[in-house]
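Student: I'd like to ask some things about the structure below.
The values are calculated or read from the model by the stated rules, or taken from the named source; none is laboratory data. Keep in mind the model is a prediction, meaning the values are calculated, not measured. So basically every Cβ, Gly included, is an ideal-geometry build from the backbone, and we count neighbours across all protein chains shown. Calculation scope for accessible area: heavy atoms of the full protein, side chains included, ligands and nucleic acids excluded. Shrake-Rupley method; radii C 1.70, N 1.55, O 1.52, S 1.80 Å.
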Amino acid sequence: MNIMEELYQVILNRQKEPQDGSYTNYLLDAGTEKIAKKFGEEAVETCIAAAKDSKSGVISETADVVYHLLVLLVHMGISLEDIEKELRDRRS
(Lines give C-alpha, C1' and ligand atoms only; values in the text may rest on other atoms or scores of the structure.)
Protein backbone atom coordinates (compact mmCIF):
# COMPACT_ATOMS: atom_id res chain seq x y z
CA MET A 1 0.00 0.00 0.00
CA ASN A 2 1.38 3.41 -0.89
CA ILE A 3 1.22 6.38 1.44
CA MET A 4 -1.79 7.91 -0.33
CA GLU A 5 -3.78 4.71 0.08
CA GLU A 6 -2.60 4.37 3.67
CA LEU A 7 -3.61 7.92 4.56
CA TYR A 8 -6.95 7.49 2.76
CA GLN A 9 -7.62 4.40 4.90
CA VAL A 10 -6.69 6.24 8.11
CA ILE A 11 -9.15 9.03 7.22
CA LEU A 12 -11.83 6.48 6.29
CA ASN A 13 -11.29 4.73 9.63
CA ARG A 14 -11.62 8.05 11.48
CA GLN A 15 -14.92 8.60 9.68
CA LYS A 16 -16.16 5.18 10.79
CA GLU A 17 -14.64 5.31 14.28
CA PRO A 18 -14.26 8.94 15.41
CA GLN A 19 -11.58 9.78 17.96
CA ASP A 20 -11.79 12.61 20.45
CA GLY A 21 -9.47 15.49 19.61
CA SER A 22 -8.84 14.27 16.06
CA TYR A 23 -8.30 17.08 13.54
CA THR A 24 -9.55 14.73 10.84
CA ASN A 25 -12.80 14.21 12.73
CA TYR A 26 -13.09 17.95 13.29
CA LEU A 27 -12.93 18.49 9.54
CA LEU A 28 -15.28 15.63 8.71
CA ASP A 29 -17.81 16.95 11.24
CA ALA A 30 -17.47 20.51 9.92
CA GLY A 31 -18.58 19.43 6.46
CA THR A 32 -17.82 19.97 2.82
CA GLU A 33 -17.54 23.75 2.86
CA LYS A 34 -14.96 23.81 5.67
CA ILE A 35 -12.93 20.99 4.13
CA ALA A 36 -13.01 22.64 0.70
CA LYS A 37 -11.89 25.96 2.19
CA LYS A 38 -8.96 24.28 3.97
CA PHE A 39 -8.01 22.51 0.75
CA GLY A 40 -8.10 25.83 -1.10
CA GLU A 41 -6.06 27.60 1.56
CA GLU A 42 -3.37 24.95 1.38
CA ALA A 43 -3.35 25.10 -2.43
CA VAL A 44 -2.82 28.86 -2.30
CA GLU A 45 -0.03 28.41 0.26
CA THR A 46 1.59 25.93 -2.12
CA CYS A 47 1.44 28.51 -4.91
CA ILE A 48 2.97 31.15 -2.65
CA ALA A 49 5.80 28.81 -1.66
CA ALA A 50 6.43 28.07 -5.34
CA ALA A 51 6.46 31.78 -6.19
CA LYS A 52 9.09 32.24 -3.49
CA ASP A 53 11.06 29.38 -5.06
CA SER A 54 10.94 27.51 -1.75
CA LYS A 55 11.37 23.82 -2.50
CA SER A 56 10.89 22.85 1.15
CA GLY A 57 7.83 25.08 1.37
CA VAL A 58 6.29 23.49 -1.71
CA ILE A 59 6.94 20.02 -0.30
CA SER A 60 5.37 20.89 3.05
CA GLU A 61 2.36 22.68 1.59
CA THR A 62 1.80 19.94 -0.99
CA ALA A 63 1.60 17.42 1.83
CA ASP A 64 -1.10 19.62 3.39
CA VAL A 65 -2.94 19.84 0.05
CA VAL A 66 -2.89 16.06 -0.38
CA TYR A 67 -4.13 15.46 3.17
CA HIS A 68 -7.01 17.92 2.85
CA LEU A 69 -7.91 16.57 -0.59
CA LEU A 70 -8.10 13.05 0.82
CA VAL A 71 -10.32 14.26 3.67
CA LEU A 72 -12.59 15.89 1.07
CA LEU A 73 -12.71 12.70 -1.01
CA VAL A 74 -13.58 10.54 2.00
CA HIS A 75 -16.22 13.01 3.14
CA MET A 76 -17.82 13.00 -0.31
CA GLY A 77 -17.64 9.22 -0.69
CA ILE A 78 -15.15 9.37 -3.56
CA SER A 79 -12.59 6.58 -3.69
CA LEU A 80 -9.03 6.72 -4.94
CA GLU A 81 -10.14 4.18 -7.53
CA ASP A 82 -12.71 6.72 -8.80
CA ILE A 83 -9.89 9.22 -9.35
CA GLU A 84 -7.61 6.60 -10.93
CA LYS A 85 -10.40 5.60 -13.33
CA GLU A 86 -10.96 9.22 -14.35
CA LEU A 87 -7.25 9.68 -14.99
CA ARG A 88 -7.08 6.48 -17.04
CA ASP A 89 -10.13 7.52 -19.06
CA ARG A 90 -8.46 10.84 -19.87
CA ARG A 91 -5.30 9.11 -21.01
CA SER A 92 -7.00 7.53 -24.03
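Student: Taking the alpha-carbon set of the chain, what are its Rg and Dmax in Å?
Tutor: When restricted to Cα atoms, the chain yields Rg and Dmax of 14.3, 45 Å.
Student: I'd like to compare 27-39, 61-73, 9-21: which one has the highest average count of other Cβ atoms within 10 Å, and what's the full order after that?
Tutor: Per-residue Cβ counts within 10 Å, averaged per peptide and sorted highest first, yield 61-73, 27-39, 9-21.
Student: Given charges of +1 on the Cβ of Lys and Arg and -1 on the Cβ of Asp and Glu, with all other atoms neutral, how large is the dipole of region 48-92 about its Cα centre, in debye to the nearest 20?
Tutor: Rounded to the nearest 20 debye, it is 160 debye.
Student: In vacuum, with every alpha carbon of region 3-43 counted as one equal point scatterer, what does the Debye formula give for log10 I(q)/I(0) at q = 0.15, 0.16, 0.27 Å⁻¹? Two decimals, please.
Tutor: Evaluating at q = 0.15, 0.16, 0.27 Å⁻¹ gives log10 I(q)/I(0) of -0.38, -0.43, -0.99.
Student: What accessible surface, in Å², does a 1.4 Å probe find on MET76, ignoring ligands, DNA and RNA and rounding to the nearest 10?
Tutor: Taking all protein chains as shown, MET76 has close to 110 Å².
Student: Span-like helices, the chain: DSSP H, alpha-carbon axial extent 30 Å or more, mean Kyte-Doolittle -0.5 or greater, which ones?
Tutor: 55-76
Student: If you count only protein heavy atoms with a 1.4 Å probe, what accessible area per residue comes out for the chain, rounded to a whole Å²?
Tutor: 69 Å²
Student: Right, next: So how compact is region 52-92: Cα radius of gyration and Dmax in angstrom?
Tutor: When restricted to the Cα atoms of region 52-92, Rg and Dmax are 13.5, 36 Å.
Student: What aspartates and glutamates could a cross-link reach from LYS85, if we take a straight Cα to Cα line under 16 Å and drop same-chain neighbours fewer than 8 places away?
Tutor: GLU5
Student: Using the charge dipole of the chain (Lys, Arg: +1 at Cβ; Asp, Glu: -1 at Cβ; taken about the Cα centre), state which of LEU80, CYS47, ALA30 has its Cα farthest towards the positive end.
Tutor: Positive-end residue among those listed: CYS47.
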